[in-house]
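Beneath this line is the structure, given in structure tokens, with notes to follow.
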Amino acid sequence: MSINISNISKSYKKVKALQNISFKVETGELFGLIGPDGAGKTTLFRILTTLLIANKGTAKVAGFDVVSDYKNIRNSVGYMPGKFSLYQDLTIEENLEFFATIFGTTVEENYDLIKDIYMQIEPFKTRRAGKLSGGMKQKLALCCALIHKPKVLFLDEPTTGVDPVSRKEFWEMLKRLQQKNITILVSTPYMDEAALCDRIALIQNGKILEIDTPEAIVKHNPNQIYNVSADNMYKLINSLKTYKHNHSVYPFGEFVHYTDRRTDFNPKALKVYLESQNLSNIHINKTVATIEDTFMELAK
Amino acid sequence: MLPIIFVLPLLQLVILSNAATFEVKNIKFGYVDNDRTTTSRALTEKFTASTYFNVLTNFTSLNKASAAMLKGEIDVVLEIPNHFERDLQKEKYNNLGVTINAIDGAAAGVENVYITQIIQRFNQNLKVNLVQIPDQQIQPINIKTIPLFWYNETLNYKTFMVPGILVLLVTMITLFLSGMNIVREKEIGTLEQINVTPIKKSQFIVGKLFPFWVIGIGLLTIGLILAKVIFNIPMIGSLLLMYLYTSIYIFVVLGIGLFISNFTETQQQAMFISWFFVVVFILMSGLFTPIESMPKWAQLITEFNPIKYFVEVMRMVMLKGSGFLDILPQLLKTALYAFVINGLAVWSYKKTN
């Protein structure tokens, strides 16, 4: 058991950031914490990395208690905060060496662990960190978080503000790290990244909505979802929202995801209604639920 | 950044040392001569002869002189009464009216002393001229004081201002830099990354403060060289002693800076609080106004002012050549201060919140 959280609560004055959070992460697991901004993801990360002390509950990381054994945790975890927080006026090389020294190790000692990632930014190693692009900053931050060969890696929204190609690369890197038996706890507001995790926890307003594998979570969605499209998107959404039988209406790319409250829902009746609203080119098709649909359903 | 840290303070040293003088010169002087005799003219000529006064106008009435002072055209009005010469000869006694613009209280005090001196000197000459009866029974007894200004014989204000201003520079730069430094890391977020590492509090703080300590000592060195080369300030005491004291003193300032940055969230707050302390420390350091003239409670507060000790020590060692034992009280107090404030700073720095 790599991370064991039980009944953690934390509040800032009146705001309840976390309420009774409990879950476990197995060694070598890639665990995703999925939730919108302000859900409490960062607060949980800060508690687990010993930067913040919870009001209630206990948590263990790599077998050490986050309060009484915080010194050991700092030696055995890597943390990559959501905001880029390496020294901007040090170069790539200097940053890496600086963090290696602080952790009492050298770059050479654990080079094999970061080699794949570091090779991509090595051509720019004399460039200052502040002058790097978003994707390169992420890679450097990951290198610095890995330099002491941590047992557990905490990544707080590592792909926020990163372009789609770099995002994809980043997740591939995480998959490779996982094979080296590093436990990874990653948070993200992007639902599409959730499917890449072994297990995910959906979190909102400081509460865990559901914990399971991405496939299982999708199966929990009880509603049949329909892709609805028409020539006027805005009018379509408004019409669906005023339809008296609607259960949920969310725009989803070029379609609107629609669920109905009735068990004997007939798409044809909806089509008739939409046509009466002066919409044309109407298509209504069944589709499978995604994590986003499930999250929206659970968050209702 | 590094050139700014060194160039600006030294510019300040050169400018302030030449400008921050207690001498009042070019006093705009006006007089109303109601007497118009040789004696009254002799008196006004004394003022004309003085290098401190610019005799501007002879006003026909006190009202006109007052109006001129209101407009700021003159600083001092001397009113010589009617029958000044006659009364002086007859009664051996007379009054002169002196009006001084006291908007600047310090300058007014100095002006008063100048005027009194000129009139006294005039008075003595007058006695010789006017008192012509040799068989006076009581000879006027004159007690004359001959002041000797030790350690600064010519009362050169630069000699005591330059060491003081040097103190201010070392203090300001080290306090501002250290006060802003850790807050800056809080703002950028690098502190968070550092806090999850196994680095020890003391290691981190020493690493943060040592560069500023070096900068402080560097500033002192360059300042001392300038003081010698430009202002030719005497340096009688041991340089080593000065460096010993300064190296302890900088720890106090750095500790204060660190303490401030522990309790602030933004550089703006840190800057504001640093400024507050610097201004209080400077004005209560005895550099510009003597501590002896402060009220009792203020004198008590100055006991906690590190700049006061530094100014004292610099002046003692540089001008008086004080040795280790002479500055030992200040040295011990500063060392205690450094110990307490740094202890508080390390204690209040928390890696978790």
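Take the conditions more than 14 Å from chain B (Cβ to nearest Cβ) and farther than 17 Å from A:Ser6 by Cβ and apply them to A:Glu26. Does it pass? Here the answer is no, as A:Glu26 does not meet what is asked.
For region A:103-119, what are the residues that are away from every other protein chain (no Cβ under 14 Å) and surrounded by 15 or more Cβ atoms within 10 Å (Cβ to Cβ)?
A:Val107, A:Asn110, A:Leu113, A:Ile114, A:Ile117, A:Tyr118
Would you confirm whether any residue within region B:152-159 is closer than 19 Å to B:Ile307 by Cα, modelled with pLDDT of 90 or more, surrounded by fewer than 20 Cβ atoms within 10 Å (Cβ to Cβ) and more than 14 Å from chain A (Cβ to nearest Cβ)? No: zero hits. So which residues in region A:116-142 are among the acidic types (Asp, Glu) and more than 26 Å from the chain's Cα centre (by Cα)? Passing the criteria: only A:Glu122.
Mind checking which residues of region B:210-253 are among the aromatic types (Phe, Trp, Tyr) and without any contact (Cβ under 8 Å) to a residue 60 or more places away in the chain? Matches in region B:210-253: B:Phe210, B:Phe212, B:Trp213, B:Tyr243.
The conditions of being within 13 Å of chain A (Cβ to nearest Cβ) and either on the phi > 0 side of the Ramachandran plot or surrounded by 19 or more Cβ atoms within 10 Å (Cβ to Cβ) (or both) are met by B:Asn181. Contact annotation: residue pairs with Cβ atoms under 8 Å, 6 or more positions apart or on different chains, pairing a residue in region A:262-285 that is loosely packed, with under 11 Cβ neighbours inside 10 Å with a partner that is in a helix (DSSP H, G or I), are A:Asn278/A:Lys235. Among residues of region B:298-325 that are under 17 Å from B:Val340 (Cβ atoms), those with a Cβ under 7 angstrom from a residue that is surrounded by fewer than 20 Cβ atoms within 10 Å (Cβ to Cβ) and among the basic types (Lys, Arg), sequence gap 6+ or separate chain, pair up as B:Tyr309/B:Lys333. Scanning region A:70-102 for residues being closer than 25 Å to A:Gly134 by Cβ, more than 26 Å from the chain's Cα centre (by Cα) and facing chain B (nearest Cβ under 8 Å) gives a total of 1. Just to be sure, is B:Ser285 within 29 Å of B:Asn18 (Cβ to Cβ), surrounded by 13 or more Cβ atoms within 10 Å (Cβ to Cβ) and under 19 Å from the mean Cα position of the chain (by Cα)? Against the criterion (within 29 Å of B:Asn18 (Cβ to Cβ), surrounded by 13 or more Cβ atoms within 10 Å (Cβ to Cβ) and under 19 Å from the mean Cα position of the chain (by Cα)), B:Ser285 qualifies. For region B:20-55, residues that are in contact with a strand residue (DSSP E or B) (Cβ under 8 Å, 6 or more places away or on another chain) and over 29 Å from B:Lys158 (Cβ atoms) total 10.
This table checks each residue for (1) of a type outside the set (A, V, I, L, M); (2) away from chain A (no Cβ under 13 Å).
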| site | (1), (2) |
| --- | --- |
| B:Met172 | no, yes |
| B:Leu175 | no, yes |
| B:Glu187 | yes, no |
| B:Leu191 | no, no |
| B:Pro198 | yes, no |
| B:Ser202 | yes, yes |
| B:Phe210 | yes, yes |
| B:Ile217 | no, yes |
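All conditions in (1) under 21 Å from B:Ala335 (Cα atoms); (2) crowded, with 22+ Cβ neighbours inside 10 Å; (3) of a type in the set (A, V, I, L, M, F, W, C); (4) within 14 Å of another protein chain (Cβ to nearest Cβ) hold for B:Val206, with the sole exception of (2). Taken over region A:235-285, the criterion of being more than 18 Å from A:Asn223 (Cβ to Cβ) and of a type in the set (Ser, Thr, Tyr) is satisfied by A:Ser239, A:Thr242, A:Tyr273, A:Ser276, A:Ser280.
Rundown of residues vs (1) closer than 30 Å to A:Glu122 by Cα; (2) free of Cβ contacts under 8 Å to residues at least 24 places away in the same chain; (3) buried (at least 19 other Cβ atoms within 10 Å of the Cβ); (4) of a type in the set (Val, Ile, Thr), yes/no style:
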| position | (1), (2), (3), (4) |
| --- | --- |
| A:Asn20 | no, no, no, no |
| A:Thr27 | no, no, no, yes |
| A:Leu33 | no, no, yes, no |
| A:Leu48 | no, no, yes, no |
| A:Val66 | no, yes, yes, yes |
| A:Leu86 | yes, no, yes, no |
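Does A:Ile8 meet the test of being of a type in the set (A, V, I, L, M), more than 12 Å from chain B (Cβ to nearest Cβ) and either surrounded by fewer than 23 Cβ atoms within 10 Å (Cβ to Cβ) or more than 19 Å from the chain's Cα centre (by Cα) (or both)? Yes; evaluated as a whole, the condition is true for this residue. Looking across A:Ala194, A:Ala201, one residue alone is at pLDDT 90 or above and either in contact with an Asp or Glu (Cβ under 9 Å, 6 or more places away or on another chain) or not assigned by TED's automatic domain parsing to the domain that holds A:Leu44 (or both). It is A:Ala201. Given the criteria assigned by TED's automatic domain parsing to the domain that holds B:Leu325, in contact with a helix residue (DSSP H, G or I) (Cβ under 8 Å, 6 or more places away or on another chain), surrounded by fewer than 22 Cβ atoms within 10 Å (Cβ to Cβ) and closer than 22 Å to B:Leu13 by Cβ, does B:Leu239 qualify? So B:Leu239 passes the test.
The values are calculated or read from the model by the stated rules, or taken from the named source; none is laboratory data. Note that the structure is predicted; figures quoted are calculated from it, not measured. Every residue, glycine among them, receives a Cβ derived from its backbone with ideal geometry; neighbour counts consider all protein chains shown.
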